Amino acid sequence: MTNSTHQATWETYTASWAEADIASQLKLFEQSLSPDCVYVDPIQQASGYEQLAGYMAALQKNVPGARFVTTGFKEHHSRSLAHWNMVDGAGTVLAPGMSYAEYGADGRLQKMTGFYDPPGAP
């Protein structure tokens, strides 16, 4: 897989965070995520499409229109590191962060680990 392929997969995955329509979100998942994917961040751990979709829905409920904008992307050996900003529906940056990811043989994401300062962290 080339950098551009992994980055395209990454961008499809990040688009799923902002997708309100469940059927459309599932299509994005199928394109970018292994069914047994594992997501971990300072607040949550989710395994598989259903748990991850639930976490994404909770984010949208708390921060309507939230989405992620990739500001940097590096990749090698089926792994990537992405720097991003979480923005609200108006495009205001709410928080910066980064994510480490691992890709399967089919090019889809298997493991995603987000790093950011949780709300209320010193």
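The values are calculated or read from the model by the stated rules, or taken from the named source; none is laboratory data. Predicted model only: the values in this text are computed from it and were never measured. Cβ coordinates were reconstructed from backbone atoms using ideal geometry, including for glycine residues, and neighbour counts include every protein chain displayed. The accessibility values were calculated without ligands, DNA or RNA, using every heavy atom of the protein model including side chains. Shrake-Rupley method; radii C 1.70, N 1.55, O 1.52, S 1.80 Å.
Summary table below
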{"read-out": "Entirely in the stretch 1-85, the strands (runs of 3 or more DSSP E) that have 3 or more residues that are open to solvent by 30 Å² or more (accessible area, probe 1.4 Å) and free of Cβ contacts under 8 Å to residues at least 60 places away in the same chain", "value": "67-76"}
{"read-out": "One residue from F68, F115, F73 being under 16 Å from A18 (Cα atoms) and modelled with pLDDT of 95 or more", "value": "F68"}
{"read-out": "Selection within the stretch 86-116 - open to solvent by 40 Å² or more (accessible area, probe 1.4 Å), in contact with a strand residue (DSSP E or B) (Cβ under 7 Å, 6 or more places away or on another chain) and free of Cβ contacts under 8 Å to residues at least 40 places away in the same chain", "value": "V93, L94, P96, M98, Y100, E102"}
{"read-out": "Scope the stretch 3-17; condition modelled with pLDDT of 95 or more and not hydrophobic (A, V, I, L, M, F, W, C); matching residues", "value": "H6, Q7, T9, E11, T12, Y13, T14, S16"}
{"read-out": "Residue within the stretch 17-24 that is under 30 Å from G120 (Cβ atoms) and in contact with a strand residue (DSSP E or B) (Cβ under 7 Å, 6 or more places away or on another chain) present", "value": "yes"}
